[in-house]
Amino acid sequence: MFIGIVIRRDILTFYQQFIAVNDNEETFFNPTIKRIMSRRSIRKYTNEQETYEHIETIVDAGLAAPTAANRKPVHILILQEQEKRNELYKKNNRGRLIAEATAVIAVYGDTSIEESEFLLNNDCSAAIQNMLIAIEALGLGGVWISAKDEDWRKLVSETYQVPKQYKLYGMIAFGHPNEVKEAYGSADPNKVHFNKW
């Protein structure tokens, strides 16, 4: 049944009502910027399982991140087995979200490809941030779990039989969000400096 014609202006007008008014309205019309500003650390998830397609998209986004001299030392470990994730939690409190999330990713850097600790940290951090934004873009929620503790890194690597040349730099627990957080507003002007401090 023919109901009528919908033109582009009608569609834009419809979606405009859901976009917050701000001094810089153009920012809120850009879907990438909107996702970056909407991304928050989500620590509560429903029981709905993640699809392989979502995980693949998130991993692809992570591996698309830039690396120093394009050496690509970043490796992704997907932690699927619930039993192993529960075991991590039993042995270390840092594993609580790892056990509770429906999906978990660990990000490793290959020290045989990138010898600089500083650059390897940068490379893995860029991958993690890309994946967090991809998680947000897919309507999911995630949280960055640090790997600064040596005992935690060792436990995760031994549990998953990771070769010694790879160092854990961070993890992401994610799933379908079971909490809502407001998007970030404008940046604190005291944190921005032009031409001099």
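Being farther than 21 Å from Val156 by Cα, in contact with a strand residue (DSSP E or B) (Cβ under 6 Å, 6 or more places away or on another chain) and not aliphatic (A, V, I, L, M) is a condition met by no residue of region 114-127.
Residues that are free of Cβ contacts under 8 Å to residues at least 12 places away in the same chain and of a type outside the set (D, E, K, R) within region 83-94 comprise Tyr89, Asn93, listed in sequence order.
Rundown of residues vs (1) farther than 30 Å from Asn47 by Cα; (2) modelled with pLDDT of 95 or more, yes/no style:
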{"position": "Glu81", "(1), (2)": "no, no"}
{"position": "Ser146", "(1), (2)": "no, no"}
{"position": "Lys167", "(1), (2)": "yes, yes"}
{"position": "Asn178", "(1), (2)": "no, no"}
{"position": "Phe194", "(1), (2)": "yes, no"}
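Here is the figure for region 120-135: residues that are of a type in the set (D, E, K, R) and under 12 Å from His54 (Cβ atoms) total 0.
Selection within region 8-40: residues that are surrounded by 14 or more Cβ atoms within 10 Å (Cβ to Cβ) and of a type in the set (Ser, Thr, Tyr). The member of this set that is modelled with the highest pLDDT is Ser38.
Which condition breaks for Val107 when tested against (1) farther than 16 Å from Leu138 by Cα; (2) at pLDDT below 95; (3) buried (at least 17 other Cβ atoms within 10 Å of the Cβ)? All conditions are met except number (2).
For residues that are among the acidic types (Asp, Glu) and in contact (Cβ under 8 Å) with a residue 40 or more places away in the chain, scanning just region 114-152, find the one that is surrounded by the most Cβ atoms within 10 Å (Cβ to Cβ). Break it down stepwise before answering.
Step one: filter region 114-152 for residues among the acidic types (Asp, Glu), giving 114-115, 117, 123, 136, 149-151.
Applying the additional criterion that residues be in contact (Cβ under 8 Å) with a residue 40 or more places away in the chain yields 114, 123, 136, 149, 151.
Numbers: Glu114: 23, Asp123: 26, Glu136: 22, Asp149: 11, Asp151: 10.
The qualifying residue surrounded by the most Cβ atoms within 10 Å (Cβ to Cβ) is Asp123.
Filtered by the rule that a residue be more than 14 Å from the chain's Cα centre (by Cα) and surrounded by 14 or more Cβ atoms within 10 Å (Cβ to Cβ), region 41-54 gives Lys44, Tyr45, Glu50. Which condition does Lys164 not pass, out of (1) in contact with a helix residue (DSSP H, G or I) (Cβ under 9 Å, 6 or more places away or on another chain); (2) in contact (Cβ under 8 Å) with a residue 40 or more places away in the chain, if it passes all the others? Going through (1) in contact with a helix residue (DSSP H, G or I) (Cβ under 9 Å, 6 or more places away or on another chain); (2) in contact (Cβ under 8 Å) with a residue 40 or more places away in the chain one by one, Lys164 breaks only (2).
The values are calculated or read from the model by the stated rules, or taken from the named source; none is laboratory data. If you're wondering where the values come from, they're calculated on a predicted model, not measured in any experiment. Positions of Cβ are backbone-derived with ideal geometry, glycine not excepted, and every protein chain shown enters the neighbour counts.
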